[in-house]
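In what follows, a single structure is set out as structure tokens and then discussed.
The values are calculated or read from the model by the stated rules, or taken from the named source; none is laboratory data. Please read all numbers here as calculations on a predicted model, not as lab measurements. Positions of Cβ are generated from backbone atoms using ideal geometry, with glycine treated the same way; all protein chains shown enter the neighbour counts. The area values use the complete protein model at the heavy-atom level, side chains included, leaving out ligands, DNA and RNA. Shrake-Rupley method; radii C 1.70, N 1.55, O 1.52, S 1.80 Å.
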Amino acid sequence: MFYEKLYWVQLFLVSILISSIVAEWNTRDYIRREHSLTKPYQGGGYSVPYWDFLGNTIVTSNYVRLTPDLQSKSGAIWNTVPCQTRNWELQVQFKVHGRGKDLFGDGFAIWYVRDRMQTGPVFGSKDYFQGLAIILDTYSNHNGAHNHQHPYISAMINNGSLHYDHDRDGTHTQISGCEAKFRNYNHDTHISITYVDDTLTVSTDLEGKNAWKECFKVENVLLPTGYFFGASATTGDLSDNHDIIAIKMFELDLLEAQNKDEDRSQIIPSAASFEAPRERIEDTKPAMSGVKTFLYMMAIAIVIIVLVVLGIMYYQKRQEQSRKRLY
Ligand SMILES: *[C@@H]1O[C@H](CO)[C@@H](O)[C@H](O)[C@H]1NC(C)=O
Ligand SMILES: [Ca+2]
């Protein structure tokens, strides 16, 4: 009896170990509360700490809805604190859903820009913006302008001089993009935007597998510090619910080669290259990162070892008992 209890204690300890490994999959150490939006949104009272709201945005206890599934709506949320971090990751949990089977739109955008709280034609926000837009476009305005399907995720860097051309789905100003089916899922859908060492990487977790899949990576992207995070969405003739469930901003470590005292506030947003829209080759390879794969394999290995050990012990005990019974 005593030994049996001990096995269960061991099993319990091992399962705690495993679950703590699993729980750490999607998080990093330096979450910055002042750039994040997590449940419960209301910090007591009507307002949401660190975030302002624009247009048709509504806040419930489970989501922030930028637009409802109705025509001609527009909404946005804007962080009130400028980002002073050089290397960062923004993880956004979102849900785009609606009644439309074939016709829906228009999509939403995640921003890191100089000017906040400006309404406009680019998914509910300002055109000729300064900074970064990650656009999750659900409606293809022009099939001839590009050779990809929608929904489509793309990035645009602007120094204030470029116009986002809706009629071409922004294809001539995007620095990269990927197809991504992210609509009408019952499971959680996430996008990760990392900006580390002037490299912009966008990944998605859309299949409910708790694993990031790279959408694109662009080097030599220059963005200053001191800009604001935000998200905005619009509907036109077509509509969808565009919901933000959570935004988590992680401060990533300064790299060895980076100077802590460098003033990055005066940088003009730029990207070394624009993508030639018709020469794009889609790649849909990488799934889990190396560390995640390793942890995953390790967790599975531990579970298997525990099960085998328990099985052997159980078997031996049974044998012992049956021997005892025989004599
Ligand atoms: C802004 O971007 C445009 C287009 O990429 C470029 O031609 C222009 O020189 C840039 N202006 C500044 C001030 O960097
Ligand atoms: Ca579009």
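Listing for the model above:
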{"read-out": "Boolean, SER161 is assigned to a loop (DSSP other than H, G, I, E, B) and either more than 18 Å from HIS242 (Cα to Cα) or not assigned by TED's automatic domain parsing to the domain that holds THR138 (or both)", "value": "yes"}
{"read-out": "Condition check for PHE129: out of contact with any helix residue (DSSP H, G or I) (no Cβ under 9 Å at 6 or more places or on another chain) and within 15 Å of ligand 2 (Cβ to nearest atom)", "value": "no"}
{"read-out": "Number of positions in region 119-144 that are open to solvent by 20 Å² or more (accessible area, probe 1.4 Å), touching a Leu at 6+ places or on another chain (Cβ under 8 Å) and not in a strand (DSSP E or B)", "value": "2"}
{"read-out": "Any hit, region 170-186, residues being away from ligand 2 (no atom under 16 Å from the Cβ), at pLDDT 95 or above and open to solvent by less than 40 Å² (accessible area, probe 1.4 Å)", "value": "yes"}
{"read-out": "Candidates VAL202, VAL196, filtered to the one that is among the β-branched types (Val, Ile, Thr) and over 13 Å from the mean Cα position of the chain (by Cα)", "value": "VAL196"}
{"read-out": "Subset tally (residues that are of a type in the set (Ser, Thr, Tyr) and either more than 16 Å from ligand 1 (Cβ to nearest atom) or within 19 Å of the chain's Cα centre (by Cα) (or both)) for region 142-171", "value": "2"}
{"read-out": "In region 214-241, the residues that are within 16 Å of GLN91 (Cα to Cα) and either touching a Gly at 6+ places or on another chain (Cβ under 8 Å) or among the basic types (Lys, Arg) (or both)", "value": "CYS215, PHE216, LYS217, SER232"}
{"read-out": "Residue in region 200-213 that is more than 23 Å from SER239 (Cβ to Cβ), of a type in the set (Phe, Trp, Tyr), crowded, with 18+ Cβ neighbours inside 10 Å and in contact with a strand residue (DSSP E or B) (Cβ under 9 Å, 6 or more places away or on another chain) present", "value": "yes"}
{"read-out": "Residue check, ALA211 at pLDDT below 95 and over 16 Å from LEU136 (Cα atoms)", "value": "no"}
{"read-out": "Unique residue being over 13 Å from MET249 (Cβ atoms) and of a type in the set (A, V, I, L, M, F, W, C) when the list is VAL64, VAL92, VAL81", "value": "VAL64"}
{"read-out": "Residues of region 209-255 satisfying the condition of being out of contact with any Leu (no Cβ under 6 Å at 6 or more places or on another chain), farther than 23 Å from SER270 by Cβ and assigned to a loop (DSSP other than H, G, I, E, B)", "value": "LYS209, ASN210, ALA211, TRP212, THR235, GLY236, ASP237, ASP240, ASP253"}
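To keep it simple, each residue is scored yes or no on (1) buried (at least 24 other Cβ atoms within 10 Å of the Cβ); (2) within 16 Å of ligand 2 (Cβ to nearest atom); (3) closer than 24 Å to LEU70 by Cβ; (4) without any contact (Cβ under 8 Å) to a residue 60 or more places away in the chain.
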residue: PHE104; (1), (2), (3), (4): no, yes, yes, no
residue: GLY107; (1), (2), (3), (4): yes, yes, yes, no
residue: PRO151; (1), (2), (3), (4): no, yes, yes, yes
residue: GLY160; (1), (2), (3), (4): no, no, no, yes
